[in-house]
Amino acid sequence: MFKKTTEYLRGAVEELHHVRWPTRQQAVRLSLIVIAFVFCTAIFFGVVDFVLARIVSLLLSFT
């Protein structure tokens, strides 16, 4: 069990050496893109939720 765990961890570390990590500029740019996308998506779903709530409220007022 200990030998398999050690082999796994060595393999994981070896694979991490093969990873091509992004530069700081790339990481910042991609992070800003993700934040902007999340912000736009949140606004979109907020508007959809607001409109659907108004529709449900309108439909319930008829009963």
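Points to keep in mind about this one:
- Matching residues in the range 19-56 - criterion: being at pLDDT below 95 and either part of a helix (DSSP H, G or I) or of a type in the set (Val, Ile, Thr) (or both): Val19
- Any hit, the range 33-56, residues being among the charged types (D, E, K, R) and exposed (fewer than 10 other Cβ atoms within 10 Å of the Cβ): no
The values are calculated or read from the model by the stated rules, or taken from the named source; none is laboratory data. Values in this document were obtained by computation on a predicted structure and should not be read as measured data. Heads up, the Cβs are rebuilt from the backbone with ideal geometry, glycines too, and the neighbour counts pull from every protein chain shown.
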